[in-house]
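In what follows, a structure is listed as structure tokens, so that the remarks can point back to it.
All of the numbers you see were taken from the coordinates with simple rules; none came from a lab. Please read all numbers here as calculations on a predicted model, not as lab measurements. Backbone-built Cβ (ideal geometry, glycine too); neighbour counts: all protein chains shown.
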Amino acid sequence: MSIASFIDEVESAIASGDTARRSGALREVTKLFVAQSSALSQAQVNVFDEVISRLARDIEFKARVELSENVADVQKAPRQVVRQLAFDHDIAVAGPVIERSNGLDDNDLVTIGQERGQEFLLAMSQRPSLSEKVTDVIVDRGNDQVVRKVAGNDGARFSQHGFDQLLEKARGDDTLPLILKARADIPSNHMATLVQIAREKARETLSAEGASDEAIDAAVSRISGLISSDASDALLDNFRDASRRVYLKAASKGLGEPDIVEWLHERKLVEALAALAHLAHVEPAVVSRAYFAAHYDPLLYLVRSVRLSWNCFKMLLAAKLGHEPPEDLLKSAFQSYQALTVPTAQRVVRFVSARDKISPPKAA
């Protein structure tokens, strides 16, 4: 049957008021559209869009679900139809197009995310790609299941706010830290926070099980080491460009503690650590391992070796933990900072640097 004949049938079906006839006409028009959509011009798509939209109004629930499934994967999506389905209050109707259709833009998704419940957010979190604007809404409003799903979506992109929220929620979720650790795009400073979260969770679990302090400390160190090695590698991937910027700054205007403090204030962690490596005359790997070490001592030796202030060290500790250090940790770190002399710190750093240079590379 020709398109013109279908249009006549549509008009007749609508005029008849017969719901069954209308649903039948909708099914046939949709079938024709899906079969020919790849060869249609945009003007022809618009015609189908208008026709299908008219037929889809006030049809039975089963027919709306079927329509949503049929148009969800069409590349030349009929936008009016898709939006009509996506804003339906029943997830069975809205779900397929929310999850898969390219006929929805970010504004549509944000509105749905703000107005609908968790089932809608879950469908949205599984889209092939998600912008930062959309994931901000999903992470802010989503329950544990939704947040885990979007965090594990490789096609999802997150803003600084989004990552901050994910880390905050990771503190109360045993599964989310593992999902976040696997993301290739997680910022290095956030990876450090994941290390701290892993430590806290391990300590809480083992304490509840009645483990001794020695066993707890050993387990926490092992867990930290496993996560920190991955975090250190991720940080090193970003060091090349940062080291170049640091070198140019040192060559033109000089480099000192105020620059590190400014970069830390601006949350430019890689630049701050690259500057520390430059001032200490060590390889980036030395600073990266020190930053992600289970204890703060390796970082303290580097800081003291270049005479950075206690305030600067405290800022590095806060970046390492992902939050302000607790009072007992600050007290311990301050005592260690005062007790460690600059000459001693310099000797240790020179030894570590020399050892790294003569050590053979690890086998792949």
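Stretched out fully, how many nm does the piece from residue 266 to residue 164 gain, at 0.36 nm a residue minus the Cα gap?
Gain on stretching residue 266 to residue 164: 35.2 nm.
Taken one residue at a time, the phi angles of segment 335-344 give Karplus couplings (6.51, -1.76, 1.60, θ = phi - 60°) of 4, 5, 4, 5, 6, 7, 7, 4, x, 5 Hz. Gly and Pro are set to x. Computed from the Cβ-Cβ distance with R0 of 35 Å, the FRET efficiency linking residue 129 to residue 62 stands at 0.70. In this structure, the amide hydrogen of residue 156, modeled 1.01 Å from its nitrogen in the peptide plane, lies closer than 5 angstrom to those of 130, counting only residues at least 5 positions away or on a different chain.
At 0.36 nm per residue, and after removing the present C-alpha to C-alpha distance, how many nm does the segment from residue 346 to residue 283 gain when stretched out fully?
21.2 nm
Residue by residue, segment 150-157 carries 3J(HN,Hα) couplings of 6, 5, x, 8, 5, x, 8, 10 Hz when phi is fed to the Karplus relation 6.51 cos²θ - 1.76 cosθ + 1.60 (θ = phi - 60°); x denotes Gly or Pro. For the pair residue 175 and residue 75, a Förster radius of 51 Å applied to the C-beta separation gives a FRET efficiency near 0.90, rounded to the nearest 0.05.
Residue pairs exceeding 28 angstrom between C-alpha atoms, taken from 169/314; 133/253; 133/169; 249/314; 169/320: 133/253.
Using 0.36 nm times the number of residues separating residue 35 and residue 248, minus their current alpha carbon distance, what extension gain do you get?
Length gained between residue 35 and residue 248: 70.8 nm.
The HN-Hα couplings worked out from phi for segment 257-268 by the Karplus form 6.51 cos²θ - 1.76 cosθ + 1.60 (θ = phi - 60°) are 4, x, 5, 5, 4, 4, 5, 5, 4, 7, 6, 9 Hz, whole numbers, x standing for Gly and Pro.
Could you order the peptides 315-327, 240-252 from most to least packed, using the average number of other C-beta atoms within 10 Å per residue?
Highest to lowest by the protection proxy: 315-327, 240-252.
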